[in-house]
Amino acid sequence: MQLTIDDMRAAMDVVRRYLPPTPMWSYPVLDAAAGATVHVKHENTQPVGAFKIRGGLNLVAALDGRPTVTYSTGNHAQSMAYASHLFGAACTVVMPAGTTPSKVEAVDAWGADVLLTGATLADAEAAASKIAGETGARLVSPGDTPELLAGVGTLYLEIFEARPDLDAIVVPIGSGSGAAAATIVARALAPDCKVIGVQSSASPAAHDAWRTGTAQTRPNETRVEGLATGRSFTIPQQILRDALTDFLLVTDEQIARAQQVLAAKAHTLAEGAGAAGLAALLTYPDRFTGREVAIVCTGANASPAELAALSG
């Protein structure tokens, strides 16, 4: 499926029925810390606390009640559970056994059937594939599902419609669906804007796939759950390969510091992935000094350990 700006606009027609635009604000003290004018897109204000809800709505709305099965460590799981609840569809979410209990509880609260199995997301993926084969449910990949990517694209439509003059947008990458959507929208609405991806150096599969031009599997050791993917995903990489301006790595420690900065200077609780964009600005200041830059606070679903670190 060759995704275009028209797919994002069609998804917007769906998303708008259920979600208002999220705010995008700047904060002078944050600008001073970053050395740039920073526009924070607050996807942390979504009903499930993360941007993934956009993709879930766009996908499930088109399935006419067909059951789904998917795999996730958190935000994608909540997205699918929320959308399935809204449309009265059955949804099974397979999560690694060690998933943060609060995230499991959130998925369960929206009425999805939760299965905890295996030690890694790859184990969860294998179990979800087996369930789909046995039941006929639609298997939903968090990275390689075009309808999810088109739904996520509505976030970037909102950004560029509000700020068509941006010099750059910095997008956290796990599977890469968000960054891929950003490049499609930027090419159509703001072709001079640089789209820059950022990922944890402890789980660099997508980064390494983009750099080498081939699919990659890498150790998945990041503490940042929203960036914890051990392999690259095909559809996002196909889009990113020709359209992403650059791809940066930051450490988990640099992400944690960015979480603290967002809390102190932008009144914003961000999970690790939601602070990764700011971490890139703070780690590579020469790339962004004096520029108009958007970052996406992709989510607010910080784990208890993250919250303890912020309060400490």
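The antiparallel fraction among DSSP beta bridges confined to the chain stands at about 10%.
The long axis of helix 121-135 is offset from the longest Cα principal axis of the chain by roughly 40 degrees.
Quick one: helix 234-243 against the long Cα principal axis of the chain, what's the angle to the nearest 10°, folded into 0 to 90? Once rounded, the angle reads 20 degrees. Taking θ as phi - 60° and the Karplus parameters 6.51, -1.76 and 1.60, the scalar couplings of the range 81-95 work out to 5, 5, 5, 5, 4, 4, 9, x, 10, 6, 9, 10, 10, 9, 10 Hz in sequence order, x denoting glycine and proline.
Is the C-alpha gyration tensor of the range 135-207 telling us rounded, prolate or oblate? Criteria: a/c under 1.5 is rounded; beyond that, a/b larger than b/c is prolate, otherwise oblate. Taking the square roots of the gyration eigenvalues as a ≥ b ≥ c, the range 135-207 is oblate. The sum of -39500 (n - 2.57) across all DSSP H runs of n ≥ 4, divided by the residue count of the chain, sets its helix-only mean residue ellipticity at 222 nm to -14500 deg cm²/dmol.
The angle between the Cα long axis of helix 177-189 and the longest principal axis of the Cα atoms of the chain comes to about 60 degrees, rounded to the nearest 10.
Distances between placed amide hydrogens fall under 5 Å for Leu115 paired with Val93, Val94, Met95, all partners being 5 or more residues away or on another chain.
Sequentially through the range 247-261, phi angles give Karplus couplings (6.51, -1.76, 1.60; θ = phi - 60°) of 9, 10, 10, 10, 7, 4, 5, 5, 5, 4, 5, 5, 4, 5, 5 Hz, Gly and Pro residues having no value and appearing as x. For the chain, the relative contact order works out to 21 percent when only alpha carbon pairs closer than 8 Å and six or more residues apart are counted. Annotation for Lys130 and Ser102: the two label points, set 7 Å from Cα along the Cα-Cβ direction, are 3.2 nm apart. Residues whose amide H lies under 5 Å from that of His39, counting only those 5 or more places away or on a different chain, are Val293, Ala294, Ile295; hydrogens are built 1.01 Å from N in the peptide plane.
Taking amide H as placed 1.01 Å from N in the peptide plane, Leu139 has its amide H under 5 Å from the amide H of Val69, each at least 5 places away in sequence or on another chain. The length gained by stretching the chain between Leu19 and Arg187 to full extension, at 0.36 nm per residue less their Cα-Cα distance, is 58.0 nm. Taking 0.36 nm per residue of sequence separation and removing the Cα-Cα distance, the Asp64/Asp6 pair yields an extension gain of 18.7 nm. Evaluating 6.51 cos²θ - 1.76 cosθ + 1.60 at θ = phi - 60° for every residue in the range 39-54, the Karplus couplings come out as 9, 9, 8, 8, 6, 5, 8, 5, x, 9, x, 6, 5, 4, 4, 4 Hz, glycine and proline recorded as x. Taking a ≥ b ≥ c as the square roots of the eigenvalues of the Cα gyration tensor, an a/c ratio of 1.5 or more together with a/b no larger than b/c marks the range 53-140 as oblate. In this Cβ point-charge picture (+1 for Lys and Arg, -1 for Asp and Glu), the range 53-140 has a dipole of about 200 debye about its Cα centre.
Coordinate-derived values only; no laboratory data. These numbers were taken from a predicted model, which means no experiment stands behind them. In this analysis, Cβ positions are derived from the backbone assuming ideal geometry, glycine residues included, and neighbour counts consider all displayed protein chains.
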